[in-house]
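**Student:** Questions regarding the structure given below will be posed in turn.
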Amino acid sequence: MDTRPSAYAVIIEQGKILLTRWVPADRRNSPAWTLPGGGMDPGEQPYDTVVREVYEETGYDAAPEDLLGVDAGYFDPNAGSENVFCALRIVYRAHIEGGTLRHEIDGSSDEARWVPIADLDKIQKVHLVDAAATMMGYANSTDWARRFRERQLSR
């Protein structure tokens, strides 16, 4: 079984999180929102991967700040095939240093968007968004959205 290392960024500004809409190559699954990031190139370090991937998918120059955690999962892209692999996802907290929001062309995503944290429980998203929420101390992204709304109401 192959292991595929990748690096992703949690980028939050003004109560919104930067997400990209992942479009499955096989079209058997529906598009879903995920963190900007992706696979490491041979010889590339995770820090460099996340900088490159955020730029490719969003147009922004990102600066990773700290490591939030690592998430792993097993995937079978062709149900029942011998192509099962382990996805090893390294997640950083990062901020934007420059660039302009744009959508990726001919990649694994088709849109980049600032999504209100309060709306995370209302969108179709991949497991990685929940994993990142857990890395930041929430039960999942639904808990994060609920607690964010509660904080807004108490102000």
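**Student:** Report every pair of residues separated by at least 6 positions or lying on different chains whose Cβ atoms are under 8 Å apart, first residue within segment 109-122 and within 12 Å of P31 (Cβ to Cβ), second part of a helix (DSSP H, G or I).
**Tutor:** From segment 109-122, the pairs are S109/E57.
**Student:** Which of the residues belonging to segment 7-32 are surrounded by fewer than 20 Cβ atoms within 10 Å (Cβ to Cβ) and touching a Lys or Arg at 6+ places or on another chain (Cβ under 7 Å)?
**Tutor:** From segment 7-32, those surrounded by fewer than 20 Cβ atoms within 10 Å (Cβ to Cβ) are 12-16, 23-32; that's our starting set.
Passing the criteria: P31, A32.
**Student:** Which residues, taken from segment 128-155, are part of a helix (DSSP H, G or I), out of contact with any strand residue (DSSP E or B) (no Cβ under 9 Å at 6 or more places or on another chain) and over 19 Å from Y8 (Cα atoms)?
**Tutor:** T142, D143, R146, R147, R149, E150, R151, Q152, L153
**Student:** For segment 84-107, which positions are surrounded by 13 or more Cβ atoms within 10 Å (Cβ to Cβ), in contact with a strand residue (DSSP E or B) (Cβ under 6 Å, 6 or more places away or on another chain) and acidic (D, E)?
**Tutor:** The answer is none; no residue qualifies.
**Student:** Can you pull out every residue in segment 33-67 that is of a type in the set (G, A, S) and either touching a Phe, Trp or Tyr at 6+ places or on another chain (Cβ under 6 Å) or buried (at least 21 other Cβ atoms within 10 Å of the Cβ) (or both)? Give the steps one after another, and end with the answer.
**Tutor:** Taking segment 33-67 as the starting set, the residues that turn out to be of a type in the set (G, A, S) are 37-39, 43, 59, 62-63.
Within segment 33-67, G37, G38, A62 qualify.
**Student:** Here's another thing I want to ask about it. Taking the condition among the acidic types (D, E) and touching a strand residue (DSSP E or B) at 6+ places or on another chain (Cβ under 7 Å), does D66 pass? Let's see the steps before the verdict.
**Tutor:** On the way: among the acidic types (D, E): yes; touching a strand residue (DSSP E or B) at 6+ places or on another chain (Cβ under 7 Å): yes.
For D66, the condition - among the acidic types (D, E) and touching a strand residue (DSSP E or B) at 6+ places or on another chain (Cβ under 7 Å) - is met.
**Student:** Follow-up question, since we're still on this one. For segment 1-120, list the strands (runs of 3 or more DSSP E) that sit wholly inside it and hold at least 2 residues that are touching a Pro at 6+ places or on another chain (Cβ under 7 Å) and under 25 Å from T134 (Cα atoms); which are they? Even if it seems obvious, please write down each step before you answer.
**Tutor:** Working: elements: 2-13, 16-22, 32-34, 37-39, 60-75, 85-99, 109-116.
Correct list: 2-13, 16-22, 85-99.
Computed from the coordinates by the stated procedures, all read-outs in this text should not be read as laboratory data. In this text the structure is predicted, and so the values were computed from the model without any measurement. Ideal geometry is used to build each Cβ from the backbone, glycine not excepted, and the neighbour counts take in all protein chains shown.
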